[in-house]
């Protein structure tokens, strides 16, 4: 049973994650209104650490968001799960709009 609190949609978009002075370029694999999964080297981040992400969603300006590292995976799916944190909900409105469009397109 999936314990996620929000619908996730698959994407393939570039993003840049900054944490503890390290800048990591990676690929976002899925996104929801509460967070995302990003393929980056998991040895470069610490579980529970705060970070910033620049997210390039199609049709949107680059979003600059605060995130927290909530899961680190280094087995079959290498990367990190990031939860949006610290920004007002209005800062994530483009993400909600993007998810709604993708979800509706998938149901047609």
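Conditions tested, residue by residue: (1) part of a strand (DSSP E or B); (2) touching a strand residue (DSSP E or B) at 6+ places or on another chain (Cβ under 6 Å).
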site: 43; (1), (2): no, no
site: 47; (1), (2): no, yes
site: 51; (1), (2): yes, yes
site: 54; (1), (2): yes, yes
site: 60; (1), (2): no, no
site: 76; (1), (2): no, no
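In the range 13-41, the qualifying residues are those that are under 11 Å from the mean Cα position of the chain (by Cα) and either over 18 Å from residue 71 (Cβ atoms) or not in a strand (DSSP E or B) (or both), and the one that is modelled with the highest pLDDT is 16. Listed by first and then second residue, the pairs with beta-carbon distance under 9 Å, at least 6 apart or on different chains, first residue in the range 91-102 and at negative phi, second part of a helix (DSSP H, G or I) and exposed (fewer than 14 other Cβ atoms within 10 Å of the Cβ), are 96/89.
The sole residue among 60, 46 that is more than 14 Å from the chain's Cα centre (by Cα), surrounded by fewer than 17 Cβ atoms within 10 Å (Cβ to Cβ), under 14 Å from residue 96 (Cα atoms) and in contact (Cβ under 8 Å) with a residue 12 or more places away in the chain is 60.
The values are calculated or read from the model by the stated rules, or taken from the named source; none is laboratory data. As the structure is a prediction and not an experimental result, all values here were calculated from the model. Every residue, glycine as well, gets a Cβ built from its backbone with ideal geometry; the counts of neighbours run over all protein chains shown.
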